[in-house]
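Step one of this worksheet: look at the structure below.
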Amino acid sequence: GSHLSLYWDIFRDYVLNGQIPKLPNTYIPTLSVRKIRSVVRLITQSPTMTYISLANHLGISVATADNTVRDLSNIGLVDSQRILGSFESLCPNPQSATEKIIDFLRSHTVYIHTKDLIETGGTPTLSTIELSTRDEYSFVSIDKRTLRTYIRKIIVYCLEFGLLARRGHLFELS
């Protein structure tokens, strides 16, 4: 037919060239950078926890703890057992957690597009980065303001974890 299947779109490079496709992630954590730092300290001190104990330690609801664990799982910091309401840390110490967060960010479409803009001779602004990554989020129906908030959150993570630096309104690689 005239439309490619999702399978073909994803695995085309492998089928044609034997190359494993690189799929940038588009996941936007709900946790702020400040909050993830405190959660990392907690999960490296208590490697196995329930959602209830996480909620109690952080002073949040169990539903918010579920969102927190979802973020940690998507970033690669924990292995969660949602049915059991528990999770296990995949990071024995804060340094390994930091490495996993940096790996997550390096695979993120916002960082990849920002890095590409910089490496092709540009010093992008938030607006330039937003325009560059907009198509990556075409699979969800979100307005421009929400997308800008999402992109800003990943940029803040990249700044805080040393992948990007800011010079006024412009971004550069660290």
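The values are calculated or read from the model by the stated rules, or taken from the named source; none is laboratory data. Owing to the predicted nature of the structure, the values given are computational and were not obtained by experimental measurement. We place every Cβ from the backbone using ideal geometry, glycine too, and count neighbours over all the protein chains shown. Accessible surface areas use protein heavy atoms only, side chains included; no ligands, DNA or RNA. Shrake-Rupley method; radii C 1.70, N 1.55, O 1.52, S 1.80 Å.
In summary, W8 fulfils each of the numbered conditions (1) part of a helix (DSSP H, G or I); (2) at pLDDT 95 or above; (3) exposed (fewer than 15 other Cβ atoms within 10 Å of the Cβ) with the single exception of condition (2). Name the single residue that is most open to solvent (accessible area, probe 1.4 Å) among those in segment 18-36 being at pLDDT below 90 and over 13 Å from I154 (Cα atoms). Looking at residues that are at pLDDT below 90 and over 13 Å from I154 (Cα atoms), I get K22.
Out of the residues in segment 101-123 that are within 17 Å of the chain's Cα centre (by Cα) and among the polar types (S, T, N, Q), state the one that is most open to solvent (accessible area, probe 1.4 Å).
Initially, segment 101-123 is screened for residues within 17 Å of the chain's Cα centre (by Cα), giving 101-115.
In the following step, the residues that additionally are among the polar types (S, T, N, Q) were identified as 107, 109, 114.
Details: S107: 45, T109: 1, T114: 0 Å².
Here the answer is S107.
With respect to T98, determine if the residue is at negative phi and open to solvent by less than 10 Å² (accessible area, probe 1.4 Å). No; evaluated as a whole, the condition is false for this residue. Number of residues in segment 65-95 that are among the charged types (D, E, K, R), surrounded by fewer than 14 Cβ atoms within 10 Å (Cβ to Cβ) and outside any strand (DSSP E or B) equals 1.
Only a single item in (1) over 29 Å from T44 (Cβ atoms); (2) within 16 Å of the chain's Cα centre (by Cα); (3) not acidic (D, E) is not met by R145, and it is number (2).
If you check every pair at least six apart or on different chains, which have Cβ atoms under 8 Å apart with a residue in segment 112-126 that is on the phi < 0 side of the Ramachandran plot and of a type in the set (A, V, I, L, M) first and a residue that is assigned to a loop (DSSP other than H, G, I, E, B) and open to solvent by less than 40 Å² (accessible area, probe 1.4 Å) second? If the second residue must be assigned to a loop (DSSP other than H, G, I, E, B) and open to solvent by less than 40 Å² (accessible area, probe 1.4 Å), the pairs left are L117/P124; I118/P124. Applying the criterion of being touching a residue at least 12 places away in the same chain (Cβ under 8 Å) and hydroxyl-bearing (S, T, Y) to the residues of segment 148-174, the residue that is farthest from N74 (Cα to Cα) is S174.
Conditions tested, residue by residue: (1) under 24 Å from I154 (Cα atoms); (2) surrounded by 13 or more Cβ atoms within 10 Å (Cβ to Cβ); (3) at pLDDT below 90.
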residue: G1; (1), (2), (3): no, no, yes
residue: L16; (1), (2), (3): no, no, yes
residue: M49; (1), (2), (3): no, yes, no
residue: I52; (1), (2), (3): no, no, no
residue: L58; (1), (2), (3): yes, yes, no
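In segment 124-171, what count of residues is obtained for those that are farther than 20 Å from F104 by Cβ and either part of a loop (DSSP other than H, G, I, E, B) or open to solvent by less than 60 Å² (accessible area, probe 1.4 Å) (or both)? It would help to see each step written out before you state the result.
First pass over segment 124-171, keeping only residues farther than 20 Å from F104 by Cβ: 124-128, 130-131, 134-135, 138, 141-146, 148, 166-170.
Narrowing further to those that are either part of a loop (DSSP other than H, G, I, E, B) or open to solvent by less than 60 Å² (accessible area, probe 1.4 Å) (or both): 124-128, 130, 138, 141-143, 146, 168-170.
Matching residues across segment 124-171 total 14.
In segment 47-64, the residue that is nearest to Y150 (Cα to Cα) out of those that are in contact with a helix residue (DSSP H, G or I) (Cβ under 8 Å, 6 or more places away or on another chain) and assigned to a helix (DSSP H, G or I) is T64.
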